[in-house]
Amino acid sequence: MARTDPITTTVGTAIDDAVTIIEELRSELQDWLDGMPENLQASSKAEELQESIDGLSEFVDNFDTTPEIVADLECSYAFKKLRNPPRRVRRDEASALLAAALGAVEAYFVSDVEHEENFATISAFQAELEGWASSVDDVNFPGLR
């Protein structure tokens, strides 16, 4: 099995990359749904697609910006890059990026005893990031039948 070396980036870049992946996935699913024949638009497959779109939208639509105080924190993640990865794998990469960012924010939150004025900002962002990571992890992609 091939070894995957850790990739080092910043929290801001990791989150931006995750947003890009999730936006691409959401767009693909929306195109699939929009291209369905009319007689299938009320099918269980269409419902599955809409659920997946809604799950991805929960993150993308609610993400505003990474707070400046944590945007430049360093974080690392390991993920094996594949050529033409399936949707599930791309979702997992977005999840890995969000988890890496969350880990860096949590570590900073614990160590930032000097900056109590940042407590509310970091705490709120950390909670949002946890929720986003969970909503992305919960997205399932309908298969082709």
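Bear in mind these aren't lab numbers, they're just calculated from the coordinates by the rules spelled out. Remember, predicted model here, so these are calculated numbers, not experimental data. Here Cβ is always computed from backbone atoms with ideal geometry, including for glycine, and neighbour counts include all displayed protein chains.
Which residue fluctuates most in the GNM of the chain (Cα springs below 10 Å): Pro67, Pro37, Pro85?
Pro37
Just from the alpha-carbon atoms, what are the Rg and Dmax of the chain in angstroms?
When restricted to Cα atoms, the chain yields Rg and Dmax of 17.2, 61 Å.
Just name one of Leu98, Thr65, Ala120: the one whose Cα is farthest towards the positive end of the charge dipole of region 37-145 (beta-carbon charges, Lys/Arg +1, Asp/Glu -1).
Projecting each Cα onto the dipole axis, the largest value belongs to Leu98.
Please report, ordered by residue number, every helix of the chain (full DSSP H runs) that is 24 Å or longer along its axis going by C-alpha atoms and whose mean Kyte-Doolittle hydropathy reaches -0.5.
Values: long enough: 11-34 (34 Å, 0.04); 44-62 (27 Å, -0.73); 87-111 (36 Å, 0.30); 119-137 (27 Å, 0.36).
Going by DSSP H runs, the hits are 11-34, 87-111, 119-137.
At 222 nm, what helix-only mean residue ellipticity would the chain give, in deg cm²/dmol to the nearest 500, using -39500 (n - 2.57) for each DSSP H run of four or more? Each step should come with its number before you reach the end.
Numbers: 5 runs with 91 residues, N = 145.
Result for the chain, helices only: -21500 deg cm²/dmol.
Under 5 Å between amide H atoms, partner at least 5 residues away or on a different chain: which partners does Cys75 have, H built in plane at 1.01 Å?
Thr9, Thr10, Val11
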